[in-house]
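In what follows, a single structure is set out as structure tokens and then discussed.
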Amino acid sequence: MSNMSYEAVMGRKNEIMKKAIGIDYSVFESGSIAFDFEKMMKETGYTLEEMQKIQGETGVGNTPIYELKNLTALARKCSAPGKGARIFLKDEGANPSGSFKARRAANAVFHAKKLGYKGVIAATSGNYGAAVASQAAMHGLKCIIVQECYDSTYKGQPEIVEKARKCEAYGAEVVQLTVGPELFYSFLLMLEETGYFNASLYTPFGIAGVETLGYELAIQMRERVGKDPDVVVCTNAGGGNLSGTARGLKKAGADSKVVAASVNLSGLHMASDTQFNKKSFTTGHTGFGIPFTTWPDRSDVPRSAARPLRYMDRYVTVAQGEVFYMTETLAQIEGLERGPAGNTSLAAAFSIAKEMDEDQIIVVQETEYTGAGKHVQPQLSFARDNGIEIKFGNPAEEVPGENIILPSHPEMIKAVDLDMVKIRKSLIKNAVNQVGTTDISEADILFLVEETKTSKEFVLETLKELSEK
Amino acid sequence: MKAKKGDWVMVHNIVLTPEQRAPQVPDDTKKVPLEMWVKGYAQAAAKKGEEVEIETITGRKVTGTLVEVGPTYAHSFGNHVPELLKIGKQLREILFGGDSIE
């Protein structure tokens, strides 16, 4: 029997992963910072047509788009004359497992079955677990979902407890852990024990699965309003939602601005046992969004196919209170009851719509299902039980972990812009830290231009700044 | 609480003791173990607190401390949150004004 100690198992990481994903990532590597991203996407992913077929066969995709007329009217009441873009919503909650994650899972599970794996494993506390479980059920594969769910007092985040129930409803085994990054250790042990496929969120086929969302969105909007959306807002955590959607928009020939939105959880440590239940959002927040945007290769695969900074035009944050308020708003004036986390981009879009002209179009590209635990009331109730103050006021004053401030009036909903220059420089810094020098090759420089959606001048200037430090 | 052989149960395990935790975890997390809960069919009769082997729904064998027999779901819609009622009322007032229905 092999050594099961933490160090020994982490030491076997690459070997375990290669067996569990079936991709030899080394063929895309240059040996330094750069790797051939597009080659990886091309050789290991699927074409758009293939993905539409794979997803269509399990009822995934082709979700409806709603025009949120009352929300648009509300935004116009809160804007200067002539301002207030038309707001549209792509109802991804209509997918079989209740979120856009069905698109990622459809490809991953199809691929696992094609390669002959008997089962799939995914490490996720989010909607992706249910998506993988649902797809595994359709394909007759076994499924294990590994969740970070509880603090050390066995108090679980209601949203995650609900997702466990949903996975089990689809016949999956759910393994629940307390807080900590060593979840990865348990995950590796299970991959080794079962020989199942690692249905990682970050493989080329998983990310490519979201391209259908962006593509569909562009086609639907052209049919509906005769033009491409001016702005598409994506909730951003690990970056796959934004990367896939933006790639799909490009494949449709749309040049919409792509805006990332995350719930502001600054000040809370994501691996802290005592802070775990002080937050009211377990995904779509800055605790994932910022680190994954500024360095994507921190996931369960050697090279992540989710590289959001390549596609991001703007990155905004919204307060927890704003997202809960918008979730209630969506139900109360649009008659659509959806889960809070998926409405992060909706809160941001409401704010951005107020800056835009009336004849412009902004699209929120997802929703998620709602239910016990995963709903504005239990999540606020849970926060209050954990000592978080809930009140009306100015959400700009919200302090994550201390209070949740619901806007006293919708005009107070205001997305906060993050400094894109700083974020781009941060990615370059992280890349340089990997190799330990700013004296990098021409190929590396060009790679960083792509990674940061900037210019050679910008990358060279940043490298110069870093070398002077 | 007792489980018979074949009952659907939940077991608990310590995956890593505080001393075995990864170096990068924050101090508060380092003070507590990494714990795990899994459900499955008890492979033998056992009392709560005793060690028992289970077979999970995917057929894995896991040994752990019996913590629950017939585990179910207790999550709910939580307690009443009075603030939520105010949001709908305010929005209708802003959009449609007073009692009028557009």
Over the range A:168-193, the set of residues among the small types (G, A, S) and at the interface with chain B (Cβ under 8 Å from one of its Cβ atoms) is A:G171, A:A172, A:G180, A:S186
Within the range A:304-356, residues being away from chain B (no Cβ under 14 Å) and of a type in the set (G, A, S) number 11
Does A:V225 satisfy being touching a helix residue (DSSP H, G or I) at 6+ places or on another chain (Cβ under 7 Å) and in the same structural domain as A:E355 (by TED's automatic domain parsing)? no
Expected output for the range A:356-371 (first residue under 30 Å from B:Y73 (Cα atoms), partner in a strand (DSSP E or B), Cβ below 7 Å, 6+ apart or cross-chain) is A:E366/A:K90; A:E366/A:T235; A:T367/A:L89
For the range A:291-308, the count of residues that are surrounded by 20 or more Cβ atoms within 10 Å (Cβ to Cβ), under 21 Å from A:L268 (Cβ atoms) and hydrophobic (A, V, I, L, M, F, W, C) equals 1
Scanning the range B:66-91 residue by residue, those more than 7 Å from chain A (Cβ to nearest Cβ) and more than 25 Å from A:K142 (Cβ to Cβ) turn out to be B:A74, B:H80, B:P82, B:L85, B:K86, B:K89, B:Q90
A:T58 vs. criteria touching a residue at least 24 places away in the same chain (Cβ under 8 Å) and among the polar types (S, T, N, Q) = yes
Flagged in the range A:267-279 as at pLDDT 95 or above and either within 17 Å of the chain's Cα centre (by Cα) or among the acidic types (D, E) (or both), in numbering order, are A:D273
Within the range A:262-272, does at least one residue satisfy the condition of being assigned to a helix (DSSP H, G or I), buried (at least 21 other Cβ atoms within 10 Å of the Cβ) and outside the structural domain of A:E162 (by TED's automatic domain parsing)? no
For this session: Please tell me if A:E368 is more than 14 Å from chain B (Cβ to nearest Cβ) and in a loop (DSSP other than H, G, I, E, B).
Result: yes
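Residues checked against (1) outside the structural domain of A:A136 (by TED's automatic domain parsing); (2) closer than 30 Å to A:M190 by Cα:
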site: A:Y25; (1), (2): no, yes
site: A:E38; (1), (2): no, no
site: A:L48; (1), (2): no, no
site: A:R76; (1), (2): yes, no
site: A:A85; (1), (2): yes, no
Do the conditions hold for A:I440, that is, is it over 22 Å from the mean Cα position of the chain (by Cα) and in contact (Cβ under 8 Å) with a residue 24 or more places away in the chain?
-> yes
Among residues of the range B:12-56 being facing chain A (nearest Cβ under 7 Å) and within 22 Å of B:T72 (Cβ to Cβ), the residue farthest from the chain's Cα centre (by Cα) is B:T56
Among the residues that make up the range A:360-367, is at least one of them over 20 Å from A:D230 (Cβ atoms) and under 21 Å from the mean Cα position of the chain (by Cα)?
yes
Test A:Y315 against the criterion of being touching a residue at least 12 places away in the same chain (Cβ under 8 Å), crowded, with 24+ Cβ neighbours inside 10 Å and in contact with a Pro (Cβ under 7 Å, 6 or more places away or on another chain), and give yes or no.
-> no
Filtering helices (runs of 4 or more DSSP H) wholly in the range A:32-99 for at least 1 residues that are within 17 Å of A:D359 (Cβ to Cβ) and not polar (S, T, N, Q) gives A:69-77
Checked pairs for the range A:211-222, first among the basic types (K, R), second buried (at least 22 other Cβ atoms within 10 Å of the Cβ), C-beta under 7 Å and 6 or more apart or across chains, list as none
Within the range A:74-87, can one find any residue that is in contact with a helix residue (DSSP H, G or I) (Cβ under 8 Å, 6 or more places away or on another chain) and either under 26 Å from A:T282 (Cα atoms) or among the β-branched types (V, I, T) (or both)?
yes
Those residues of the range A:371-395 which are surrounded by fewer than 22 Cβ atoms within 10 Å (Cβ to Cβ), within 25 Å of A:L68 (Cα to Cα) and more than 8 Å from chain B (Cβ to nearest Cβ) amount to A:G371, A:N394
(1) away from chain A (no Cβ under 11 Å); (2) modelled with pLDDT of 95 or more; (3) over 20 Å from the mean Cα position of the chain (by Cα) all hold for B:I101 apart from (2)
query = Within the range A:330-350, can one find any residue that is under 20 Å from the mean Cα position of the chain (by Cα), assigned to a helix (DSSP H, G or I) and acidic (D, E)?
reply = no
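The values are calculated or read from the model by the stated rules, or taken from the named source; none is laboratory data. All values reported here derive from a predicted model rather than from experimental measurement. Please note: Cβ atoms are built from the backbone with ideal geometry, for glycine as well, and neighbour counts cover all protein chains shown.
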